[in-house]
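Engineer: Once you've had a glance at the structure underneath, I'll fire off some questions.
The values are calculated or read from the model by the stated rules, or taken from the named source; none is laboratory data. Small disclaimer: the values here were computed from a predicted structure and weren't measured. Cβ coordinates were reconstructed from backbone atoms using ideal geometry, including for glycine residues, and neighbour counts include every protein chain displayed. Quick note on the areas: whole protein, heavy atoms, side chains included, nothing else; ligands and nucleic acids left out. Shrake-Rupley method; radii C 1.70, N 1.55, O 1.52, S 1.80 Å.
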Amino acid sequence: MLTPQGLKGKQYRVTGNSYPRLGRPPRKSRKVMALIGSLLALALIALGGVQLYDIFTGKGKNASAQACASPSGKALAAPTPTPDASPGAPGGDPHAIPQPAGFKLNVFNATTKSGLAGRTADEFTKRGFTVDKKGNAPAELDKKVPGTAVVIAGPAGAGAATLISSQIAGATISTDARTDNSVDVVVGDSYNALLDETQAAAALALATKPSPTPSTTGSC
């Protein structure tokens, strides 16, 4: 007597060349496979939803930035705090544009036009600048400024020099070794008057316009 698989416990006698017809395999294994397939599908849907959420909220971008590494393979260090950019502040940026009254301005006349330094100093004073000295240009510059004006400052007065040069059309900037943020303006043969305040503001905006930086989208 034989009890083949699929005959549900019934016993059959095998005679001759005829064999009992086997029934279908149990459905339990098919149900298990279907359940596993459903769970995998739900997991994929959930993962896709999380990724879309990160993309739309920007979290994915931040995660990518945090994952960037230096060429040595080490993670990039966190950026150091930016010091106070105000002129005169400890560690401040000397290229930051100060307020007109935030530095001393000296006005010198390198031409043969009498009283030009005084008139120019008065114009600067009306705009809120603090004029310290005014008079004829020193010998090394007297009658040697062919353009409108030359603006002279030390490294600490870079921002102040930019501000002063924006007040005079065609003014050039020169650097000397002084350690404070004072500025000298030496008017030359082509100088007539300061730009009007609207023109000066436009010139300052152009002079301080930041240079475009290369896009780093999609890369470290």
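Engineer: If you take the residues in the stretch 164-179 that are open to solvent by 10 Å² or more (accessible area, probe 1.4 Å) and touching a residue at least 40 places away in the same chain (Cβ under 8 Å), which one is nearest to Gln199 (Cα to Cα)?
Structural biologist: Ranking the candidates gives Gln167 first.
Engineer: For the stretch 203-215, which residues satisfy the criterion of being surrounded by 13 or more Cβ atoms within 10 Å (Cβ to Cβ) and either farther than 15 Å from Gln167 by Cβ or free of Cβ contacts under 8 Å to residues at least 40 places away in the same chain (or both)?
Structural biologist: Ala203
Engineer: Now for a separate question. Just checking, does the stretch 148-155 include any residue being more than 18 Å from Lys104 (Cα to Cα), more than 32 Å from the chain's Cα centre (by Cα), open to solvent by 20 Å² or more (accessible area, probe 1.4 Å) and modelled with pLDDT of 95 or more?
Structural biologist: Scanning the stretch 148-155, I find at least one residue that is more than 18 Å from Lys104 (Cα to Cα), more than 32 Å from the chain's Cα centre (by Cα), open to solvent by 20 Å² or more (accessible area, probe 1.4 Å) and modelled with pLDDT of 95 or more, so the answer is yes.
Engineer: Any chance the stretch 184-201 includes a residue that's part of a loop (DSSP other than H, G, I, E, B), more than 23 Å from Pro94 (Cα to Cα) and among the aromatic types (Phe, Trp, Tyr)?
Structural biologist: Within the stretch 184-201, one or more residues are part of a loop (DSSP other than H, G, I, E, B), more than 23 Å from Pro94 (Cα to Cα) and among the aromatic types (Phe, Trp, Tyr).
Engineer: I've got another one for you. Just for the stretch 187-200: of the residues that are under 15 Å from Phe124 (Cβ atoms) and small (Gly, Ala, Ser), which one is surrounded by the most Cβ atoms within 10 Å (Cβ to Cβ)?
Structural biologist: Looking at the filtered set, the residue picked out is Ala200.
Engineer: A further question on this structure: How many residues, within the stretch 119-147, are surrounded by fewer than 18 Cβ atoms within 10 Å (Cβ to Cβ) and β-branched (Val, Ile, Thr)?
Structural biologist: Selection size over the stretch 119-147: 2.
Engineer: Based on this model, can you work out whether Ala137 counts as more than 19 Å from Leu195 (Cα to Cα), modelled with pLDDT of 95 or more, out of contact with any Ser or Thr (no Cβ under 6 Å at 6 or more places or on another chain) and aliphatic (A, V, I, L, M)?
Structural biologist: Answer is yes for this residue.
Engineer: Also: Can you pull out the residues in the stretch 98-113 that are open to solvent by less than 40 Å² (accessible area, probe 1.4 Å), part of a loop (DSSP other than H, G, I, E, B) and under 29 Å from Lys143 (Cβ atoms)?
Structural biologist: If the condition is that a residue be open to solvent by less than 40 Å² (accessible area, probe 1.4 Å), part of a loop (DSSP other than H, G, I, E, B) and under 29 Å from Lys143 (Cβ atoms), then Phe103, Ala110, Thr111 are the ones that fit.
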